[in-house]
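The values are calculated or read from the model by the stated rules, or taken from the named source; none is laboratory data. Note that this is a predicted model, so its numbers are computed, not measured. Quick reminder, even Gly has a Cβ in these numbers, built from the backbone with ideal geometry, and neighbours come from all protein chains shown.
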Amino acid sequence: MLWVDILLLLALIVVLSFGWVLIRGAPYLPTLRKQIKCAFELADLKPGATIIELGSGDGRVLIAAAKAGLKAVGYELNPLLFIYSRIRTRRFGKQIKVIFGDFWLASWPRADAIYVFQLSRLMDRVERKIRQEGLENVIVISFAFKFKNLDPIKQKDGVYLYRLPK
């Protein structure tokens, strides 16, 4: 019976970790390699630039950023994904910082670009948060979802590139 209890507890932890995040944002869906490559090609960021990822999931975008010579900061609210991405990204040392917490409530660092894979219903809120953080004129890379009031300056394969006007 102990094994059943342990399995039920583990299942509950997984359900809660992935489920409660839906209240604050989007569900975990990893960005595909093709779209990650496309995002970095469109953004054309120079080595040493800093990118913030809003909801960094398993860390794959952060790792791609580090491999491109960028500094990367990811916010992740799911404790299981946070631990997993910290393990996956530790080999990059201080080049990648994964923060456990709600990016809506955090003060963001200065950045050259922001990567977002949120839901349509949250994109206006993302724009407001970027402006609240004083990051106007930042490059915003959005996978799959567009800002309602902004036109992308580039787009390819479901990836949209924006520069927020002041």
How many of the residues in segment 116-152 are touching a Lys or Arg at 6+ places or on another chain (Cβ under 8 Å), within 17 Å of residue 51 (Cβ to Cβ) and in a loop (DSSP other than H, G, I, E, B)?
4
Count of residues meeting criterion [outside any strand (DSSP E or B), of a type outside the set (A, V, I, L, M) and under 14 Å from the mean Cα position of the chain (by Cα)] in segment 93-106:
4
Within segment 56-87, restricting to residues that are at positive phi and either part of a helix (DSSP H, G or I) or surrounded by fewer than 24 Cβ atoms within 10 Å (Cβ to Cβ) (or both), the one that is modelled with the highest pLDDT is 69
Of the residues in segment 139-166, those that are at pLDDT 95 or above and in contact with an Asp or Glu (Cβ under 7 Å, 6 or more places away or on another chain) number 2
Hey, among the residues in segment 40-53 that are in a strand (DSSP E or B) and touching a helix residue (DSSP H, G or I) at 6+ places or on another chain (Cβ under 7 Å), which one's nearest to residue 70 (Cα to Cα)?
51
Take residue 6 and tell me if it is at pLDDT 95 or above and surrounded by fewer than 22 Cβ atoms within 10 Å (Cβ to Cβ).
no
Please go through (1) outside any loop (DSSP other than H, G, I, E, B); (2) modelled with pLDDT under 95 for residue 90 and return the number of the only condition it doesn't satisfy.
(2)
Using the structure shown, decide if residue 109 is modelled with pLDDT of 95 or more, more than 26 Å from residue 150 (Cβ to Cβ), assigned to a loop (DSSP other than H, G, I, E, B) and of a type outside the set (Phe, Trp, Tyr).
no
Top-ranked residue of segment 113-165 - restricted to ones that are out of contact with any strand residue (DSSP E or B) (no Cβ under 7 Å at 6 or more places or on another chain) and among the small types (Gly, Ala, Ser), ranked as surrounded by the fewest Cβ atoms within 10 Å (Cβ to Cβ)
134
